[in-house]
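Here the structure comes first, spelled out in structure tokens, and everything after it is commentary.
Quick note: the coordinates plus some simple rules give every number you see, no bench work behind them. Remember, predicted model here, so these are calculated numbers, not experimental data. Cβ placement follows ideal geometry from the backbone for every residue including glycine, while neighbour counts extend to all protein chains displayed.
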Amino acid sequence: MRATELRDSYTFAVTQCSVITDDETRIMLMNPGLDVTENGNEDLLPSCGLDAIGLQGGYNGPNFNFQHILFHLNGADENGMSSFKLDCTAEICDKDDVDSICRRSKLPCVPNSLHKNGHGDNPVSDEQ
């Protein structure tokens, strides 16, 4: 995913991606923008991947990329094909807003983006 024609004073971040099956079942793949302070999210952690299918997302310059391995055998048609919808949400934020959802959402997707204290003293670069 790449934001095109985005002004230099803005940045973007992927906040969640899900797969939607033919019967409209939504399966969360990653949720780097998860707000753990929301009611019901207290025991969850923001993530940029799903180990069960080898999914890992991350930023490469201005791009957000992800890859995974997934074999789905149930629900295939007579040709052995199955299809899913990919639904991702991205937010656009002011680059200078250190408390933005964009900065918070990039943290789980950028390895070693925090100092040892884990409090974000080394904020994620908006060049990511």
Residue 51 paired with residue 69, simple spin-label distance in nm, labels 7 Å along Cα-to-beta-carbon = 1.6 nm
Name the residue farthest towards the positive end of the dipole of the stretch 10-109 from the options 54, 29, 80, assuming +1 on Cβ of Lys and Arg, -1 on Cβ of Asp and Glu, about the Cα centre.
-> 54
According to a simple spin-label model (label point 7 Å from Cα along Cα-to-Cβ), what is the distance in nm between residue 91 and residue 78?
-> 4.8 nm
Extension gain residue 20-residue 110, at 0.36 nm per residue separation less the Cα-Cα distance, in nm?
-> 29.8 nm
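What's the Kirkwood radius of the stretch 10-109 in Å, using all Cα pairs? Kindly include the intermediate steps, with their values, before the conclusion.
Numbers: mean 1/r = 0.0672 Å⁻¹.
Result for the stretch 10-109 stands at 14.9 Å.
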How would you order 48-58, 91-101 from highest to lowest mean count of nearby Cβ atoms within 10 Å?
-> 48-58, 91-101
